[in-house]
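Asks: So that we are looking at the same thing, I have put the structure below in structure tokens.
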Amino acid sequence: MVRPARIALLAATLAPIGYFFAVYRFVGKPMTQAPADSLMTAAWMSQFNRFMVFNAVFVFWLMGLLAIYLIHLYRTSSVPDGRRAFWAVVLFMGNMVAMPIYWYLYVWRERTERTAA
């Protein structure tokens, strides 16, 4: 994988983490501080529907990233054979946290190991 593609994969990997904090800031925090009777207005429901669409997009985004990382995991030679199953489970169970770690260990450092060998 070439360097610009690696950096693009990192940006795509970090986007859900940024989305998580943005959702908390713009949706979660105001929702907990708003009076209960103001939550069911038409304007709020419209914003909530938009939020659900964005949420669905990021669910599919994470599924796509998971597929990319699992394909990379089983096609690369930089991950030892004994750790492939471990990384598959870790990527599946802890995807938003595990993907940047996997990216650094096996995607970013892949080329430097080949040139050093």
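The values are calculated or read from the model by the stated rules, or taken from the named source; none is laboratory data. Nothing here was measured: the structure is a model prediction, and the numbers come from that model. Glycine also receives a Cβ, built like all others from the backbone with ideal geometry; neighbour counts cover every protein chain displayed.
Asks: Cβ-Cβ under 8 Å, sequence separation 6+ or interchain: first residue in segment 93-104 and more than 15 Å from GLY18 (Cα to Cα) and in contact (Cβ under 8 Å) with a residue 24 or more places away in the chain, partner among the basic types (Lys, Arg) and in a helix (DSSP H, G or I). Which pairs?
Replies: Pairs that qualify, where the first residue is more than 15 Å from GLY18 (Cα to Cα) and in contact (Cβ under 8 Å) with a residue 24 or more places away in the chain and the partner is among the basic types (Lys, Arg) and in a helix (DSSP H, G or I), are TRP103/ARG6.
Asks: Ok, one more. Specify the residue that is nearest to ALA8 (Cα to Cα); the eligible residues are those in segment 71-83 that are touching a helix residue (DSSP H, G or I) at 6+ places or on another chain (Cβ under 6 Å) and not small (Gly, Ala, Ser).
Replies: LEU73
Asks: Would you mind stating whether ALA67 is modelled with pLDDT of 90 or more, closer than 24 Å to VAL2 by Cβ, among the small types (Gly, Ala, Ser) and exposed (fewer than 12 other Cβ atoms within 10 Å of the Cβ)?
Replies: So ALA67 fits the description; yes.
Asks: So, one more: Of the residues that sit in segment 45-64 and are of a type in the set (A, V, I, L, M) and closer than 27 Å to GLU110 by Cβ, which one is surrounded by the fewest Cβ atoms within 10 Å (Cβ to Cβ)?
Replies: My answer is MET63.
Asks: Here's another thing I want to ask about it. Consider SER78 carefully, then state whether it is at pLDDT below 90 and exposed (fewer than 13 other Cβ atoms within 10 Å of the Cβ).
Replies: So SER78 fails the test.
Asks: For segment 3-53, which positions are of a type in the set (Ser, Thr, Tyr) and either modelled with pLDDT of 75 or more or touching a Ser or Thr at 6+ places or on another chain (Cβ under 9 Å) (or both)?
Replies: THR13, TYR19, TYR24, SER46
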